[in-house]
Amino acid sequence: MLDNSIKRLEYLCKVIPQLLRNIDEGEFSKKPAPDKWSKKEILGHLIASATNNHHRIVRGQFEEQPTIGYDNDVWNKGNHFQKLQKEELIEMWTSYNKYFLALIKHIPGKELKRLVKTGEAGENNILTIAFIIEDYVAHLEHHLRQLVKY
């Protein structure tokens, strides 16, 4: 299962950046409603997700069930993704996901079974590092389909 997630992430890192670049800056910045995220903010959310999952995976290998959660809306607002240029966001997304890919390829198999508490939505979910990686890629694809067809 993890091999499939790695292959999917490799594919996404190759094809998604150019597809995102093909989106007009105006369309990329447009908010469908005041309380809805623009494409910029969706991509920013994916950067925040990579950041938080990076911490989960690294700390999960060395700490005993660390709790690492985050509030999507707070992170989106606090990172000011809407104010950044499209190309900056695409470069950040691409670089972070290439790094994330390299990281997960080097995790020893026994470490993939270690546990992390996500603590999201008022819950205390206890997940394996392997599940976090697989869920990250599924989550990534869910949101990328909101941005582009691939």
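The values are calculated or read from the model by the stated rules, or taken from the named source; none is laboratory data. Everything numeric in this text was worked out from a predicted model, so none of it was measured. Reconstructed Cβ throughout: ideal geometry from the backbone, glycine too, with neighbour counts over all protein chains shown.
Any residue that is among the aliphatic types (A, V, I, L, M), under 14 Å from the mean Cα position of the chain (by Cα) and closer than 23 Å to residue 134 by Cα - is there at least one of those in segment 66-75? The answer is no; no qualifying residue exists.
Just to be sure, is residue 43 outside any loop (DSSP other than H, G, I, E, B) and within 21 Å of residue 133 (Cα to Cα)? Show your work before the answer.
On the way: outside any loop (DSSP other than H, G, I, E, B): yes; within 21 Å of residue 133 (Cα to Cα): yes.
Criteria met by residue 43.
Against the conditions (1) surrounded by fewer than 16 Cβ atoms within 10 Å (Cβ to Cβ); (2) within 14 Å of the chain's Cα centre (by Cα); (3) acidic (Asp, Glu), residue 41 satisfies every one except (1). If the condition is being among the aliphatic types (A, V, I, L, M), in a helix (DSSP H, G or I) and either modelled with pLDDT under 95 or closer than 13 Å to residue 38 by Cα (or both), then segment 66-101 contributes 74, 89. Taken together, 62, 81, 100, 131 contain a single residue that is in contact (Cβ under 8 Å) with a residue 60 or more places away in the chain, aromatic (Phe, Trp, Tyr) and out of contact with any Cys (no Cβ under 8 Å at 6 or more places or on another chain), which is 100. The residues of segment 102-111 that are surrounded by 14 or more Cβ atoms within 10 Å (Cβ to Cβ) and not in a helix (DSSP H, G or I) amount to a single one, 107. In contact with a Gly (Cβ under 7 Å, 6 or more places away or on another chain) and either among the hydrophobic types (A, V, I, L, M, F, W, C) or under 20 Å from residue 142 (Cα atoms) (or both), is that true of residue 76? It is true that residue 76 is in contact with a Gly (Cβ under 7 Å, 6 or more places away or on another chain) and either among the hydrophobic types (A, V, I, L, M, F, W, C) or under 20 Å from residue 142 (Cα atoms) (or both). Any residue that is within 28 Å of residue 112 (Cβ to Cβ) and not in a loop (DSSP other than H, G, I, E, B) - is there at least one of those in segment 28-36? The answer is no, given that none of the residues of segment 28-36 is within 28 Å of residue 112 (Cβ to Cβ) and not in a loop (DSSP other than H, G, I, E, B).
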